[in-house]
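S.K.: Can you keep this structure in mind? I'll have questions shortly.
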Amino acid sequence: MTPAISALTNVYLQRPVRQRDRPLIGITSNTVPWELIRAAGFDPILLSPGPQYKPSAEVYLETVFSQRIKSIFHFLISNDSALLRAVVIPRTSEQEHKLYLYLREVVRQGVEQAPQPILYNLLHARSPEAQAYGLERTRALQFTLEQLAGHAIEPDAFSAAIAEGNAARCAMRALLQQREGPAPKLNGSEALALIGARYFMDGAEYALHAQQALQEILARPPLPGPRILIKGPPIDTPDFCAAVEAQGAIVVAEDDWWGSRAAGRDIDAGMEPIQAIFEKYYFDAPSPRVFPAVVADAWFQRNVSEVDGVIFHLPQEDDIIGWDYPRLRAFLDDRAIPHVMLRDTSPDEIGVFVRRLENG
Amino acid sequence: MAEKQLQCTLRAAEHQKAWFAQLREDVFEKQKPYAIVQADMPLELFHALDVPVVSNQWWAAMVAAKRLAPHYLDGLNALGYHDGLCRYCSLSLASTIAGDPAQAPWGGLPKPALLSARLTCDCIQRVFETWAAKLDAPFFPLDAPGASELPPRWWELSRYRWNELFETHRLDFMVAQFHSLIRKLEEITGSTFSLDRLRALMEGVNQQEQYFDEVREMICRAPQTPVRMHEQVSNVMAAQWLRGSEWAIAHAKAFRDEVRQRVDAGVPACPSENLRLMWVGAGLWHDTDFYTAFEEQYGAVFVWSMYLAFGPDGYIRYGLDHPLRALASRTVSFNEQLHNPPWANEWIVDQAKRHRIDAALVLEPLGTRPSATGNLFIERALENAGIPVLPVVADMVDARGWNGLEMRQKVHTFLERV
Ligand code: SF4
Ligand code: SF4
């Protein structure tokens, strides 16, 4: 491993919440505008704490909450979150709105302490009303952040933040390209780390490391094995990819924000900044609430023709993508694209599927 | 099934049956439009344009009461929808997929002109899109921003100060969406929406809920409850689905009068009432006998559920100069009011005190997300107020996995301690 690859991998695995040059603001999803927080003079950091924050007995969050949300909640009420000036929680999933309400409540009741939660009411249905509302809420978020910072955001700060975010996206897209086509050079477990590190780093620093990592990857020979696309709730660890790849396949795409869809397109630097930032996050960020299905499915439909097979990974806690599965499965059947649905990481079932693909 | 003590309860059931038969006739024979909607939709807009609505949750409860849920849900699972998906709001879809009018309640749902839902949980857009495709009818969603300001004692503000309570930007947004929905309904019906008609309906809703408020007050004050929880639900919901209509107002009044007669004559629902129980959560629609199962041995009577109590607190809106905005304020926060802190826990504790509740049973629906949240806050708040709590793990519609005997046994053990 080159220093760049190992640096990115370490950041991804450790997900550190550490003091940086600027005050930190936590975020909980890909749909919180990184550039806006940055322009206001903060360092945005995705909260993705490990299981160490899980209490032995859960007294606040019901069993229906995902492990991810539980860990974030317990991190936020732990002393370690004192580093955060605030946490911005988007209306990107129902569980995140509840996370916001629960945090406020434990603080209101005086039973816990937590950084100030800020709700970013970004909606994801495609309608003129939701679009207008989202733009207005993005301006409201700007106002809240400016108040926190104690000053207005200057035009230069916007430009710099947008340029930095776009540079990171550009570097990320170059890495993602190495997964595309008939001869990928980057497997899924490694790719997830190289992409996901972005959420825990400065944009500029990330771009630099990612470009260096790319140089090494370009020099590699292509990887053999059937090419797999994974569809399911976002996968925030490399474990599932590793399990698939242990069976001889290569994961070349994930339909989620931790994987292939992390970068998307750039923010339009020529537009009024808030409008441009909003449009990026409203039109181009994956979320479980994107509606209607034709919009939500578009990426999947475009990309499945580039792979040898699709694995639907619907772990036990899934209660959303399971609704999409029969529809997406029918789409694949119509095109004779092989697929399998797995509710857990069973090496045997993965193995059978990979053998099927290998034997054509 | 437990005896019906009130004439009103029988009349409510008869009316619902006749109403649904009329709906089927109108749809099949006169091609009149009707809509299928989520329970938390602004039904008033549909009524103002003479579009009858069937609520998803009402239909699910009907299916569950007919004990058809296991069969329908098995069918849904067989199509590839896994069994970890939520069931309350998808059971009616499952009944459409099963497509057996012979077995379905009252001949089944005819094809609607429209389906509509607020996008609360992340799955509901999926349930309704799938359902709309199956029924070959359009789906109209109302997106749902989250509440971010929540003064704890919301029920003290909701009648007169609703304009401040629910955040201006959320009300503006909901009203904007209402305009689109109204356009859609006008398109479907060929009629023109009238604000005056809506205002009159909203005034009717206020009147109806005032009757319910009086009933609630009588239950709070009478030495023993004059009406069992399950009969409260039947009477209240029959009127709520048609709220503001002449029938609904008259029914609410008749219900109030009959309860008052019982109070005046000193007739309790259960003469041996000795423990007053509260049911927190949606109803256990597949086993409603559960609600009377503890009277004989313990004199334990369910006196409270959200269905009656939420009527006055959740629906009354005074000051109807802007009826659309008032309606928006009724629509935007159902979920926060009933299932999330601080609103749900604060309200339920207040209700428990006013109703002199001795113990609470809290539904923990593993297969139904929004009603499964907020429970730990509610339980702790009740316990802090000195009210013992028993969580009841069950699905409101799905009898698969429900062991009624075992659960009754658990309640017995719990009541021994109360
Ligand atoms: S309760 Fe919520 S999660 Fe469950 S089916 Fe209804 S909308 Fe979906
Ligand atoms: S039980 Fe709760 S989640 Fe379900 S329809 Fe009623 S208010 Fe909504």
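The numbers here are math on the coordinates, done by the rules we state, and not lab data. The structure displayed is predicted, hence computed values, not measured ones. Every residue, glycine among them, receives a Cβ derived from its backbone with ideal geometry; neighbour counts consider all protein chains shown.
S.K.: For the ranges B:5-12, A:121-128, A:153-160, what's the packing order if you count other beta-carbon atoms within 10 Å of each residue, average per peptide, and put the highest first? Before the final figure, lay out each step's value.
M.R.: Working: B:5-12: 18.4, A:121-128: 21.2, A:153-160: 15.0.
So the peptides B:5-12, A:121-128, A:153-160, ranked by packing, come out A:121-128, B:5-12, A:153-160.
S.K.: Something else: List every residue whose amide H lies under 5 Å from the amide H of B:LEU390, counting only residues 5 or more places away in sequence or on a different chain, with H placed 1.01 Å from N in the peptide plane.
M.R.: B:ALA360, B:LEU361, B:VAL362
S.K.: Long-range amide H contacts for A:ALA253: which residues qualify at under 5 Å (H placed 1.01 Å from N, peptide plane, sequence gap of 5 or more or a different chain)?
M.R.: A:ILE228, A:ILE230
S.K.: A follow-up question, please. Where the only charges are on Cβ atoms (+1 Lys, Arg; -1 Asp, Glu), what is the dipole of the stretch B:256-398 about its Cα centre, to the nearest 20 debye? Display every interim value, and only then the final one.
M.R.: Working: 12 positive and 19 negative charges, 117 e Å.
Around 560 debye, computed over the stretch B:256-398.
S.K.: Using Cβ contacts closer than 10 Å as the measure, can you line up A:SER81, B:SER333 from fewest to most?
M.R.: Details: A:SER81 21, B:SER333 24.
The order, fewest Cβ neighbours first, is A:SER81, B:SER333.
S.K.: Calculate the mean, over all residues of peptide A:124-136, of how many other protein chain Cβ atoms lie within 10 angstrom of the residue's Cβ.
M.R.: Working: counts 4, 7, 2, 7, 3, 11, 8, 0, 3, 9, 3, 0, 3.
Mean shielding count: 5.
S.K.: Follow-up. At 222 nm, what helix-only mean residue ellipticity would the protein assembly as shown give, in deg cm²/dmol to the nearest 500, using -39500 (n - 2.57) for each DSSP H run of four or more? Before the final figure, lay out the partial values.
M.R.: Numbers: 31 runs with 383 residues, N = 778.
One gets -15500 deg cm²/dmol as the mean residue ellipticity at 222 nm.
S.K.: Specify the inter-centroid distance of the stretch A:57-110 and the stretch B:246-264, based on alpha-carbon positions, in whole Å.
M.R.: Cα centres, the stretch A:57-110 to the stretch B:246-264: 45 Å.
S.K.: How shielded is B:117-124 by partner chains, expressed as the average number of their Cβ atoms within 10 Å of its Cβ atoms?
M.R.: On the way: counts 0, 0, 7, 2, 7, 14, 9, 4.
Mean inter-chain Cβ contacts per residue within 10 Å come to 5.
S.K.: Using +1 at the Cβ of each Lys and Arg and -1 at the Cβ of each Asp and Glu in the protein assembly as shown, identify which of B:ALA60, B:LEU76, A:VAL32 lies farthest towards the dipole's positive end.
M.R.: In the protein assembly as shown, that residue is B:ALA60.
S.K.: Something else about it: Please work out the C-alpha center-to-center distance from the stretch A:130-148 to the stretch A:271-330 and express it in whole Å.
M.R.: Each part's Cα centre sits 25 Å from the other's.
S.K.: Still on this structure, please answer the following. Per residue of the stretch A:324-341, what does 6.51 cos²θ - 1.76 cosθ + 1.60 with θ = phi - 60° give for ³J(HN,Hα)? Whole Hz please, x for Gly and Pro, Karplus curve as stated.
M.R.: 7, 3, x, 5, 5, 4, 5, 4, 5, 4, 4, 10, 6, 8, x, 7, 8, 10
S.K.: What are the ³J(HN,Hα) couplings of the stretch A:6-21, residue after residue, when phi is run through the Karplus curve with 6.51, -1.76, 1.60 and θ = phi - 60°? Round to Hz, x for glycine and proline.
M.R.: 6, 4, 5, 4, 5, 4, 4, 6, 8, 6, x, 10, 10, 4, 10, 5
S.K.: What value does the stretch B:157-274 have for Rg/Rh, both radii from Cα atoms and Rh as Kirkwood defines it? Could you put the intermediate results ahead of the total?
M.R.: Working: Rg = 18.6 Å, Rh = 16.8 Å.
Answer for the stretch B:157-274: 1.11.
S.K.: Give the span of chain A's Cα atoms along each principal axis, as three whole-Å numbers ordered largest to smallest.
M.R.: That gives 63, 44, 43 Å along the principal axes, largest extent first.
S.K.: Return the sequence-ordered ³J(HN,Hα) values of the stretch A:39-51 in whole Hz as given by the Karplus equation 6.51 cos²θ - 1.76 cosθ + 1.60 applied to θ = phi - 60°, using x for Gly and Pro.
M.R.: 4, 6, x, 10, 9, x, 9, 6, 8, 8, x, x, x
S.K.: Let me ask something additional. Given the peptides B:27-38, A:35-46, arrange them by the average over their residues of other C-beta atoms within 10 Å, most packed first. Kindly include the intermediate steps, with their values, before the conclusion.
M.R.: Details: B:27-38: 17.8, A:35-46: 23.8.
Final packing ranking: A:35-46, B:27-38.
S.K.: Find how many whole Å separate the alpha carbon centroid of the stretch A:221-255 from the alpha carbon centroid of the stretch B:18-71.
M.R.: Here the two parts' Cα centres lie 46 Å apart.
S.K.: Please state the relative contact order of chain B as a whole percent: Cα pairs under 8 Å, 6+ residues apart? The partial results should precede the final answer.
M.R.: On the way: 660 pairs, mean separation 83.6, N = 418.
Once normalised by length, the contact order is 20 percent.
S.K.: For the protein assembly as shown, what ratio Rg/Rh do Cα atoms give with a Kirkwood hydrodynamic radius?
M.R.: Details: Rg = 27.3 Å, Rh = 27.8 Å.
Dividing the radius of gyration by the Kirkwood radius yields 0.98.
S.K.: Check the straight Cα-Cα distances from B:LYS30 and name the lysines below 20 Å, setting aside those fewer than 8 residues away within the same chain.
M.R.: Cα-Cα hits under 20 Å: B:LYS17, B:LYS111.
S.K.: For A:LYS70, give me every one of the lysines with a C-alpha distance below 17 angstrom, ignoring sequence neighbours fewer than eight places off in its own chain.
M.R.: A:LYS54, A:LYS98
S.K.: Further, regarding this structure: Hydropathy first: keep DSSP H helices in chain B averaging at least 0.0 on Kyte-Doolittle, then drop any whose Cα extent along the axis falls short of 15 Å, and list what survives.
M.R.: Values: long enough: B:7-30 (33 Å, -0.79); B:124-135 (16 Å, 0.16); B:168-189 (31 Å, -0.07); B:195-221 (39 Å, -0.72); B:229-240 (16 Å, -0.18); B:246-264 (27 Å, -0.85); B:343-354 (17 Å, -0.99); B:404-417 (20 Å, -0.80).
Correct list, ordered by number: B:124-135.
S.K.: Give me the angle, in degrees from 0 to 90, between the Cα long axis of helix A:203-218 and the longest principal axis of the Cα atoms of chain A, rounded to the nearest 10.
M.R.: In chain A, helix A:203-218 runs at an angle near 10 degrees to the longest axis.
S.K.: Follow-up. Local charge sum around B:VAL263 (other residues, Cβ-Cβ under 11 Å, Lys/Arg +1, Asp/Glu -1)?
M.R.: On the way: positive: B:ARG221, B:ARG256, B:ARG260, B:ARG262; negative: B:GLU214, B:GLU217, B:ASP257, B:GLU258, B:ASP264.
Summing Lys/Arg as +1 and Asp/Glu as -1 gives -1.
S.K.: Report, as an integer, the average count of C-beta atoms from other chains found within 10 Å of each Cβ along A:114-120.
M.R.: Numbers: counts 0, 0, 0, 1, 1, 5, 2.
That average works out to 1.
S.K.: List every residue whose amide H lies under 5 Å from the amide H of B:LEU142, counting only residues 5 or more places away in sequence or on a different chain, with H placed 1.01 Å from N in the peptide plane.
M.R.: B:ALA117, B:ARG118, B:LEU119
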